[in-house]
1. Quick check on region 162-201: of everything there that is touching a Pro at 6+ places or on another chain (Cβ under 8 Å) and among the β-branched types (Val, Ile, Thr), which residue is farthest from residue 72 (Cα to Cα)?
2. Hey, can you tell me all the residues within region 12-26 that are assigned to a loop (DSSP other than H, G, I, E, B) and either surrounded by 13 or more Cβ atoms within 10 Å (Cβ to Cβ) or among the acidic types (Asp, Glu) (or both)?
3. Evaluate region 229-245: report whether one residue or more is at pLDDT 95 or above, among the aliphatic types (A, V, I, L, M) and surrounded by 15 or more Cβ atoms within 10 Å (Cβ to Cβ).
4. Within region 72-121, can you find the residues that are open to solvent by less than 10 Å² (accessible area, probe 1.4 Å) and among the charged types (D, E, K, R)?
5. For residues that are open to solvent by less than 20 Å² (accessible area, probe 1.4 Å) and of a type in the set (S, T, N, Q), tally how many sit in region 176-210.
6. Kindly state which strands (runs of 3 or more DSSP E) lie completely within region 67-166 and contain at least 3 residues that are under 30 Å from residue 54 (Cβ atoms).
7. Answer yes or no as to whether residue 84 is of a type in the set (A, V, I, L, M) and in contact with a strand residue (DSSP E or B) (Cβ under 6 Å, 6 or more places away or on another chain).
8. Out of 181, 170, which single residue is in a helix (DSSP H, G or I) and under 21 Å from residue 250 (Cβ atoms)?
Amino acid sequence: MDCSFPCLTDVIITTDPLVAFNNADVIILVGGMPRRKGMARKDLIQANTKIFSSMGKAIEEVASSNVKVLVVANPANTNCLVALTEASKIPTKNFCALTYLDHQRAKGQIATRLGVSANSIKNVTIWGNHSETQYPDVLSGGYCVVKDGTKVPLSEMLANDIDWATTDFIYDVQNRGKAVIEARGLSSAMSAAQATADCLRTWLVTGTKTGETVSMAVYNDQGYYGVKEGIVFSFPCECRNGEWFVKEGLQLSDFSRNKLNITEAELVEEMAAAHELIGTSPAPVKIRTVSMSTCSSGLSLATTATESDMSVCLTSRM
């Protein structure tokens with residue numbers, strides 16, 4: 001109220017997802033059960049599967065037919081898979097799990113190492129799961145825009161620092177969330193919120209600039225880069241007209257392939273644990289699309305309240 005946001009018409013506070021999701025155009029799922037001391041990862045998966053199964057069913061029942069859903073709560077990839085499995089009427093391309101935070105962390109680490117601005121670092125990629133098995137990759141297509149505008153491959157700029165780029169750098173990004181908790185006693189807050197906003201803006205509003213990619217965990221319906229179909233996996237993505245497209249054709253080293261295999265195996269295991277609970281087959285979800293007429297009337301994030309009537313729903317588990 002005090003900020004007089006130009007796009008905000010009202011706020012509905014409710015614990016009922018059927019009320020929260022009613023006709024929503026954008027849904028951000030930020031609330032899940034955190035991992036407690038001594039809890040096995042399978043137990044965490046199953047606890048959150050119950051939550052996101054109910055979220056998916058509610059989305060299916062009352063949300064806009066072209067709703068866009070961003071899952072932030074961990075384990076984000078598998079939570080996203082559960083929700084999209086239950087929301088069978090919503091296009092699978094309308095779901096995404098947040099790895100943009102990891103993407104930004106990777107850019108920050110590289111920028112600090114090279115002594116440049118984070119904004120000059122482009123096309124780093126987070127592959128796989130939003131977990132400690134994720135693969136932060138700066139060597140397969142990443143580049144730096146130097147002062148004269150030249151795009152210099154990061155593989156060249158780090159040619160004498162490859163050992164760091166393939167060891168400490170990867171470990172630091174994989175374990176950054178844990179380091180934040182150890183430092184402040186709480187998980188990431190502002191950085192996670194900023195990454196959420198940046199991801200939605202890039203996905204739904206601005207798109208990516210020509211030749212640039214961002215990391216998004218999306219439903220793998222095509223077996224991109226040889227990764228098993230039917231899981232939500234983070235890939236390098238381009239965004240146009242409110243949709244994401246996996247950038248194909250990057251040349252991956254044997255080192256990178258091995259890293260992808262590790263994070264893929266974890267996601268396949270998580271998928272099996274989730275399907276065991278909700279009683280569905282771990283076979284890939286049938287790809288769901290929308291007609292061109294539906295796409296043409298898709299949402300856009302407006303800059304003024306009069307430009308668009310859009311419902312944005314942010315959910316948090318209380």
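1. Within region 162-201, the match that is farthest from residue 72 (Cα to Cα) is 170.
2. Result: 16, 21, 22, 23, 24, 25.
3. Yes: one or more hits.
4. Correct list: 102 only.
5. Number satisfying all stated conditions: 2.
6. Numbers: elements: 68-71, 95-97, 125-127, 135-137, 143-145, 151-153.
Strands (runs of 3 or more DSSP E) meeting the threshold: 68-71, 95-97.
7. Answer is yes for this residue.
8. 170
The values are calculated or read from the model by the stated rules, or taken from the named source; none is laboratory data. In this text, all values refer to a predicted model and were calculated from it rather than measured experimentally. Every residue, glycine among them, receives a Cβ derived from its backbone with ideal geometry; neighbour counts consider all protein chains shown. For accessibility, only protein heavy atoms count, side chains too; no ligands or nucleic acids. Shrake-Rupley method; radii C 1.70, N 1.55, O 1.52, S 1.80 Å.
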